[in-house]
Amino acid sequence: MSDDALSNLLHEDRTFPPDPAFEKRANVKPDVYEEATISRTAFWEEQARRLAWDTGWDQVLDWSDAPFARWFVGGRLNVAVNCVDRHVAAGLGNRTALIFEAESGDTQEITYAHLQDMVCQAANALTGLGVVAGDRVAIYLPMIPQAIVAMLACARIGAPHSVVFAGFSAEALRSRINDAEAKVVITADGQFRRGSTLPLKAAVDEAVSHTPSVETVLVVRRTGDDVTWDPERDVWWHEVVDTASPEHEAQAFPAEHPLFILYTSGTTGTPKGILHTSGGYLTQTAWTHWAVFDLKAESDVYWCTADIGWVTGHSYIVYGPLANGVTQVIYEGTPDTPHKARWWEIVQKHRVTLLYTAPTAIRTFMKWGERLPDDYDLSSLRLLGSVGEPINPEAWMWYRRGIGGDTCPIVDTWWQTETGAIMISPLPGVTAPKPGSAMTPLPGISAAVVDDHGAPVAPGNGGYLVLQQPWPAMLRGIWGNKQRYIDTYWSRWPDVYFAGDGAKLDEDSNIWVLGRVDDVMNVSGHRISTTEVESALVSHPAVAEAAVVGAADDMTGQGIVAFVILRGDNTGGEELITELRGHVAHEIGPIAKPRQIMIVPELPKTRSGKIMRRLLRDVAEQRDLGDVTTLADPTVMNLISQGLAAAPGDDA
Ligand code: WTA
């Protein structure tokens, strides 16, 4: 973000006080902050009572082995029973849980009673395949009801799932399966995308040829396309799940039983397996979903547009909303299929009341035509949420006016894969938000902006975002790597969690999250590490060295720009650049494809050999170069600029 843009942002003084009618009916009242301040643990204990426990806890928080937290110690519960069975038991079996909107426009409604049967059948089938509590199951599925059923079935039998976004490559899937040593992979023959089908099982076939732990691949038939079949290893979902018994006795697991592993990019080339457990995670996802979205489960229709491959899909499609007994829309397809107003058509069709999406989507819709939604009846909407990256005030204002009819409160929610649940956000009916600010930590959460020495900054200043106290949904570690957890999050300053984000405090002590301060890029709300893309590039035989930066991008937040030095007498050219982009897509997935690849003769390095990314960012964002005096060879930037003048661009 340029300095000008930043100072404009911080002088944003528009505020949007709650509408009195909304305020009157709001789930939370202003005194909730006060209540949580009196006793943070008592506050979370009260929220944990919203769930059904088989055995109560003896201790709310055990922080004696910090930074490894244990919440609700001694308590036992079954997460899937909390998300499904207890609603049926409460007489809500006929309530719609999922409204599945296929890309084709077909709709399928699944009630809580039906969902219970499906989850029990899948639990029985997984047990039949030899999966027992503690075994890991990888899930590589598109946005179809079976994805949610698969996750809940794993939770039901205590088998931690590792969902891998179906847009990731076979290679990315393979490394994640191996890291978690998954026993079963659940996938589909393929998925619908923009009116045609894309294969999925082929990637699984490629991945599992190098994954010794995998015994079974369970395949949902979605597209009907031909697949290659290994009868020793592959089984059809409709043959083993749909025919299984819908009777299943669920067992309760300890509050700290692992619920899932979700891989996210860190600052090295190897993704981190973020580990989440059961009781604390479900407590915070359920409470925040109820409070931040002002959920009225009996009348709301909620729609979160995320994919289950990301944490937002885990916490705010599956666990939080279903624990609250919500009725929600899930959509299989892309926003522009078959036309660019598809989302607004879906809101109108299903009378969606609560919408949760990402700034990159909002900016895309603005580009497609700010008046496009006007042709649809969006009057059912009563609250809008944003997540994944900073939302610029222009997008915030359009979201409120163009989509929210100038009445819907907007909740800009800051959180991470690691935090498991929302941490910083306005509370609707209570907070008067400013466009672009995530405002203040939620009740029961402590966050601060600190300087280089770890001291909290005064209002009006910037620094690093940290969390000072443990919270129920916090990660419990990195799968198989205790030390990396301590080093990454807890070592910058004593006893505080370093989120990796830069932030500013405004004069009223509201938090403005500015984006990552480490080597992690945020592209369309997806975290991708520069090192991961660099490793993918140098694994291509034509590449000697690569440096990757995230350059500001109006649409996607950041765009990936790569600087590449070729080996020997490779000369570059359009064809090689296309090949390199394809290579990155193959190694990681299409989302990691560089927006631009520049072939350069040298990279700017300090005397100690560290690449000066700041200078590369200046080049990528077409700015005048900053200070170059620390370069080992200050003439290298001239070489790069000359080389760029000669190198073919690639903006595809
Ligand atoms: C960024 C997504 C500003 C931030 C839930 C964070 C945000 C990273 C916001 C986590 C927001 C998320 N305002 N930045 N409201 N929400 N971020 O793990 O940089 O995919 O560290 O979790 O997204 O991304 P992740």
Scanning the stretch 417-429 residue by residue, those buried (at least 22 other Cβ atoms within 10 Å of the Cβ) and either β-branched (Val, Ile, Thr) or within 13 Å of the ligand (Cβ to nearest atom) (or both) turn out to be Glu418, Thr419, Gly420, Ala421, Ile422, Met423, Ile424, Ser425, Pro426
So which residues in the stretch 228-251 are over 13 Å from Val184 (Cβ atoms) and in contact with a strand residue (DSSP E or B) (Cβ under 7 Å, 6 or more places away or on another chain)?
-> Trp236
Taking into account only those residues within the stretch 386-399 that are modelled with pLDDT of 95 or more and over 30 Å from Lys272 (Cβ atoms), which is nearest to the ligand (Cβ to nearest atom)?
-> Trp396
All positions within the stretch 497-554 that are assigned to a helix (DSSP H, G or I), surrounded by 21 or more Cβ atoms within 10 Å (Cβ to Cβ) and either away from the ligand (no atom under 15 Å from the Cβ) or basic (Lys, Arg) (or both) | Val533, Glu534, Ala536, Leu537
Within the stretch 51-100, can you find the residues that are more than 17 Å from His248 (Cβ to Cβ) and acidic (Asp, Glu)?
-> Asp58, Asp62, Asp65
Pro258 versus (1) surrounded by 23 or more Cβ atoms within 10 Å (Cβ to Cβ); (2) more than 16 Å from the ligand (Cβ to nearest atom); (3) of a type outside the set (Lys, Arg): which is the lone unmet condition?
-> (1)
If you go through Leu77, Leu61, Leu98, the only one that is aliphatic (A, V, I, L, M) and in contact with a Gly (Cβ under 8 Å, 6 or more places away or on another chain) is Leu77
Among (1) within 22 Å of Glu34 (Cα to Cα); (2) open to solvent by less than 10 Å² (accessible area, probe 1.4 Å); (3) among the hydrophobic types (A, V, I, L, M, F, W, C), Ala447 falls short only on (2)
Do we have any residue at all in the stretch 133-144 that's over 21 Å from Trp479 (Cβ atoms), over 19 Å from the mean Cα position of the chain (by Cα) and open to solvent by 10 Å² or more (accessible area, probe 1.4 Å)?
-> no
Under the condition of being more than 14 Å from Leu465 (Cβ to Cβ) and in a helix (DSSP H, G or I), which residue from the stretch 483-496 is nearest to the ligand (Cβ to nearest atom)?
-> Thr488
Taking the stated definitions as given, is Ser299 more than 16 Å from the ligand (Cβ to nearest atom), in a loop (DSSP other than H, G, I, E, B), in contact with a helix residue (DSSP H, G or I) (Cβ under 6 Å, 6 or more places away or on another chain) and polar (S, T, N, Q)?
-> no
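Yes or no, residue by residue, for (1) open to solvent by 10 Å² or more (accessible area, probe 1.4 Å); (2) within 16 Å of the ligand (Cβ to nearest atom); (3) without any contact (Cβ under 8 Å) to a residue 40 or more places away in the chain:
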| residue | (1), (2), (3) |
| --- | --- |
| Val347 | no, no, no |
| His350 | yes, no, no |
| Leu355 | no, yes, no |
| Pro359 | no, yes, no |
| Tyr376 | yes, no, yes |
| Arg382 | yes, no, no |
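Here's the yes/no breakdown for (1) in contact (Cβ under 8 Å) with a residue 60 or more places away in the chain; (2) within 12 Å of the ligand (Cβ to nearest atom); (3) in a loop (DSSP other than H, G, I, E, B); (4) of a type outside the set (Gly, Ala, Ser):
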{"position": "Arg401", "(1), (2), (3), (4)": "no, no, no, yes"}
{"position": "Asp406", "(1), (2), (3), (4)": "no, no, yes, yes"}
{"position": "Val411", "(1), (2), (3), (4)": "yes, yes, no, yes"}
{"position": "Gly444", "(1), (2), (3), (4)": "yes, no, yes, no"}
Candidates Asp189, Asp205, filtered to the one that is touching a residue at least 12 places away in the same chain (Cβ under 8 Å) and either closer than 24 Å to Cys304 by Cα or open to solvent by less than 10 Å² (accessible area, probe 1.4 Å) (or both) = Asp189
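Go through the stretch 594-617 residue by residue and tally those that are crowded, with 16+ Cβ neighbours inside 10 Å and not in a strand (DSSP E or B).
11
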Inspect all residues belonging to the stretch 389-408 and state whether any of them is among the β-branched types (Val, Ile, Thr) and more than 24 Å from the chain's Cα centre (by Cα).
-> yes
Do we find a residue being within 26 Å of Ala123 (Cα to Cα) and more than 14 Å from the ligand (Cβ to nearest atom) anywhere in the stretch 285-293?
-> yes
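The values are calculated or read from the model by the stated rules, or taken from the named source; none is laboratory data. Quick caveat: nothing in here was measured; it's all calculated off a predicted structure. Counting neighbours? That spans all protein chains shown, and the Cβs are built from the backbone with ideal geometry, glycine included. The area values use the complete protein model at the heavy-atom level, side chains included, leaving out ligands, DNA and RNA. Shrake-Rupley method; radii C 1.70, N 1.55, O 1.52, S 1.80 Å.
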